[in-house]
Amino acid sequence: MKKWQLVLLSFIGIVLLTIMYQQHQTIVKYREIPYHSLELLAYPIAKIIELHENPRNLAEAERQQMIADEVVAFSTIFNYAGMGLTTEPNIKDVYYATYSETRVDFAVQLKQYIEATTPEEQEAAFQLLQHEYETYQQFLAPLEEVRLPDPSA
């Protein structure tokens, strides 16, 4: 009888530990949502900056197509991302205003970059876009330290 009780208690203990581990993983993933929403906004802009700075011996038409693809990615992110910042009121109060302003600034400057007709206009629009990107990266830098590290890495 004692063996069965010990086996049953061991089984219950293993089940409880598994449940606790799964809850911990859920919390870790939940805490990643706001940072991921903030970080995701800058990804297509970084690709456009990279394509502008390093043309990689691409034909102009191919480079323009790659930039157009990144603009589509940015539009999708612009329209659908950011909801993770509204899940918690304290996160929304601290980060959502900057995110929203930067999102609009990126859109305006990206439009100027795409619509530029002369190389001088394009370079000026690129400089504004790059400055906004660097400012946003400075905003993200302290958040990198706050987010929980991935325990599986």
**OP:** Note down the net charge around I67, summing +1 for each Lys or Arg and -1 for each Asp or Glu among other residues with Cβ under 14 Å from its Cβ.
**Re:** -3
Original post:
Using the count of nearby Cβ atoms within 10 Å as a rough guide to exposure, how do M1, M66, M20 rank from fewest to most?
Top reply: M1, M20, M66
Subject >> Of F106, F78, F11, the one that fluctuates the most in a GNM where the chain has Cα springs shorter than 10 Å >> reply: F11
Subject >> Contact order relative to length of the chain, as percent, for alpha carbon pairs under 8 angstrom and 6 or more apart >> reply: 28
Original post:
Would you list Y136, Y99 from fewest to most Cβ contacts within 10 Å?
Top reply: Y99, Y136
**OP:** Work out the length of the dipole vector of segment 31-152 about its Cα centre, built from +1 on the beta-carbon of each Lys and Arg and -1 on the beta-carbon of each Asp and Glu, and round it to the nearest 20 debye.
**Re:** 340
**OP:** With unit charges on the beta carbon (Lys/Arg positive, Asp/Glu negative), name the residue among Y43, Q122, N57 whose Cα is farthest towards the positive pole of the charge dipole of segment 37-146.
**Re:** Y43
Original post:
Using r as the Cβ-Cβ distance of Q127 and D69, and R0 as 22 Å, what FRET efficiency do you calculate, to the nearest 0.05?
Top reply: 0.45
Subject >> 25 Å Cα-Cα reach of K29 towards lysines, excluding residues that sit fewer than 8 places from it in its own chain >> reply: K92
Original post:
Separation between the T98 and Y43 pseudo-spin-labels, each 7 Å from Cα along Cα→Cβ, expressed in nm?
Top reply: 2.1
Original post:
Which of the lysines could be linked to K111 by a straight reach, that is with a Cα gap under 23 Å, when you skip same-chain ones fewer than 8 residues away?
Top reply: K47
Original post:
Extension gain E144-A107, at 0.36 nm per residue separation less the Cα-Cα distance, in nm?
Top reply: 10.9 nm
**OP:** Set the Förster radius R0 to 35 Å, insert the Cβ-Cβ distance between Q5 and H36 as r into 1/(1 + (r/R0)^6), and round the FRET efficiency to 0.05.
**Re:** 0.15
Subject >> Principal axis dimensions, the chain - Cα atoms, whole angstrom, descending >> reply: 87, 37, 25
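None of the figures in this text is laboratory data; all of them are computed from the coordinates on show. Just so it is clear, the structure is predicted and the values come from calculations on it, not from any experiment. Note that each Cβ is placed from the backbone with ideal geometry, even for glycine, and that neighbours are counted across all protein chains shown.
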